[in-house]
Each structure stands twice: as structure tokens, then as C-alpha cells.
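Worksheet for the structure shown next.
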Amino acid sequence: MNHSRTRPRLRLAAAATSAALPLALAGCGSGGTGGTSAAGAASPAPTGNPVAAVHKVDSVAALLPAEVRKSGKLRIGSSVGGPPGAYYPQGAGGKPVGQDIDLANAVAKVLGVELQRQDASFETILPALGSGKYDVGTGNFGVTAERLKTIDFATYINDGQGFAVKKGNTSLGGKVTDLTRLCGLTIGTGAGTTFEATLEAQKKVCVKAGKKPYDVKVYSENGALLTALQQGRIDVEMSTINGLRHQAAQQAAQSSFLGEYHRLDVGFAFKKGSRLTRAFQSAVNELIKDGVYARILDKWGTGPSAVKTSRINPPEHTT
């Protein structure tokens, strides 16, 4: 969902982003800010295909609306942001891969439908659900009270918000649990994300603490965000926990993860009142029950963020 913002976005084209980075850095970043990130694209995807063993489950497929069962197709708006969620790796034949891609494909097989995937920028997907352009959206969409006003969710993982700095930067001294520790710094994050909303909503904390406010720079491409961190144009990056952990593990990214700030449930997104929500929830729970869900998360290194059961529209985490 788009949030109001007072600072200009820095929109850099993907081609310009890749040109600004060495080839070894083509794609690491966090999922959910749209665009192709820079360091993961240089790396092949993990091996193994746990989705191959998934079959249609008639009792779950029966939850789909009759018109979907008849057409056998669903339009999915997909934000390809970065590993491990969704990204374009080296040697994948131009197809996106990642945790979100595998989970969506596995759910589709349980439901017996074909996904008609359309890549889209993160901030455009939720409004497009409301207009009917897509039936379902993916992009590491966190469940927030604001989004629940217009969007329904069927959750599939518990991720959330975290921070990273350029490798070797020890000025913050470790985990950030209080935004006043960011006062006077420049924070980079993704357009239309919960990170941008959190930073904008809490901008007065520094003034209240008698400190210089932090500055927020917003990017539509993960590659541009990572480049800004590496080149010192931002001091701190705010993005997904799993994305920043993955980024820090890549030597070429040259970033350090500062830990979790705020956990959020993440889910498939639907227009409010969609009859697809229950079917997707049941399909995720079927995957959890038969073990495919765990194998998908193990493949992408996100097992610690597993959920025990999919939920529809859970309340936003307050801690």
C-alpha cells in the first residue's frame, strides 16, 4: 500500500543500477521493495525442487470460486525484489526464483490452477488488487493495521523489519531497538513499504529526544539501495529481516545485519472480501501438513521464520 511521504523518491533505472556496480554485485538485497536487486543475480539459485512433488488436493481446490475452478487460472502480481524472496539469478533462463515464487507455485498446484504471473513494482500491487488487475499479490507484504483496511491476507511466513550498515561500520554498536539511535543519520529504504511508513510515522522521536532528526531516502530498486549503502550516500538500510540476513551473507554485498527491529506476519494479498483468501490459507496449511512448506523454507534458508499455521488477517504485531 502506498503511504503518504514528504521526501522525494530516488527512482533509479535497473540498467543504471547494474552499470554502477561491479558484475560480481549484480542482485543482493531484500525482498519487497520492487525491482531486481544487485548481488543475487550473479549467483545461481539453490538446487532442489520441493514443489515438484506437490499434487492437487480436491478438498482444498473446492474452496475456490466456481469461475476460477472453471478457468483454471489466476492472475498474480509479483514483486521481484531480491533474494531470498524473489529475484532473477544467473542461469535461470530469465525466470524469477525464490521462496515466494516456490510457495506461490506450490499453492497453485494444491489448488489445481495455473498462475499467470506479472512482474510489478512493489508499491503498485496492492492498489491494483483493488482495481481488479490482479487476483492475488506477492512481494513480502507485511500484515499491518493500515493495510487490513483494504486488503485481506493469508499468511505464509513471519518476517519483519531490520537494519543493516556497510561492513565495518561500528558506529551504531549493534542491534537497533530504538529509532532514536538513528537520529542525525540518513536511512535508505524501499518505496511503499512498511519500512518507509514506520520511519515517516516516527520522525518526531528525535526532536522529542532533543536530537537532530534522521533523514529518509526512498528507492524503488534494491540495487540502487544497496549501491547507496556501499557508496556511503546512506548510513543505514532498513528492509526485511530475511533479506538483510541473506545480503550480509554475500561477501560482495559488504553489509552487516544489525538484527531484528519489528516482526510482521507476511501473506498472500487479496482485494478485501476476496473469496480466494480461504482457499490460499487452506493450501498453505496443506503444504505445512505434508512437509513441503518446511522443505521450501529450508531450501531458501528461511526456516527460522516458519509459521505453524496460515492465518487470515491476523492483527499486526505490536512488538
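Of note:
- Between the range 214-291 and the range 48-122, the Cα center-to-center distance that results, in Å: 18 Å
- Net charge dipole size for the range 128-284 [Lys, Arg +1 and Asp, Glu -1 on Cβ; Debye, nearest 20]: 280 debye
- The range 160-263: relative contact order as a whole-number percent, Cα under 8 Å and 6+ apart: 49 percent
- Residue-by-residue Karplus 3J(HN,Hα) for the range 275-288, coefficients 6.51, -1.76, 1.60, Hz, glycine and proline x: 7, 7, 4, 5, 5, 5, 4, 5, 5, 4, 5, 5, 5, 5
- Neighbour counts of other Cβ atoms within 10 Å put 274, 71, 310 in the fewest-to-most order 71, 274, 310.
- Note on 55, 317, 246: ascending count of other Cβ atoms within 10 Å places them as 55, 317, 246, the fewest first.
- Sum of side-chain charges, residue 164 neighbourhood, beta-carbon under 11 Å (Lys, Arg +1; Asp, Glu -1): +1
- Karplus 3J(HN,Hα) series, Hz, for the range 198-212 with 6.51 cos²θ - 1.76 cosθ + 1.60 (x for Gly, Pro): 4, 5, 5, 5, 9, 4, 7, 4, 6, 4, 4, 8, x, 10, 5
- Arranged from fewest to most other beta-carbon atoms within 10 Å of their beta carbon, 316, 237 become 316, 237.
- Pairs spanning more than 24 Å between alpha-carbon atoms, out of 70/133; 109/308; 109/289; 166/208; 149/217; 70/109: 166/208; 149/217.
Every number here is computed from the coordinates shown, using simple stated rules; none is lab data. Computed from a predicted model, the values in this text were never measured in an experiment. Reconstructed Cβ throughout: ideal geometry from the backbone, glycine too, with neighbour counts over all protein chains shown.
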